[in-house]
């Protein structure tokens, strides 16, 4: 086969480009395992587990005659799932999500934060951190095997301690660490 000068040049350019790609690929490929070791490992709350917690909290409140909304967020405070009882007020949707967000982001029960603000007025600024914070009982962090994986929030029962109790029933249903010892 006879190649003209342009074809030979093209072939050498292709060979040079292929060699460069192989050389470049070899460098980062060696570094990837080391980088992978440095990446944080985080547990994720599965959607099915979030829904199970929501259903248990809804059923607990319904049994006691409360029409509520229940939200579950992931560790970053992003909504994972939400359920609303028939007849629950529209405001309960936002309050349950914000309580769950607050519990997950602060890693504390929202009733504990509300009590802290009452006792130490200088920490009232917690309310103003951002528009998603709601420091009102009914939000609990979801802790599994010592790791906070999200938050659950209940809104709509006639009292923060009742929201807390329904949220705790949601945690109990999924085997998460208990956060409140209150009874209804």
Matching residues in the stretch 101-140 - criterion: being under 14 Å from the mean Cα position of the chain (by Cα) and surrounded by fewer than 18 Cβ atoms within 10 Å (Cβ to Cβ): 107, 132
Evaluation of residue 50 against (1) modelled with pLDDT of 70 or more; (2) loosely packed, with under 15 Cβ neighbours inside 10 Å (one fails), failing number: (2)
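The values are calculated or read from the model by the stated rules, or taken from the named source; none is laboratory data. For clarity, every value in this text was computed on a predicted model and none was experimentally measured. FYI the Cβ positions are ideal-geometry reconstructions off the backbone, even for glycines, and counts take in every protein chain you see.
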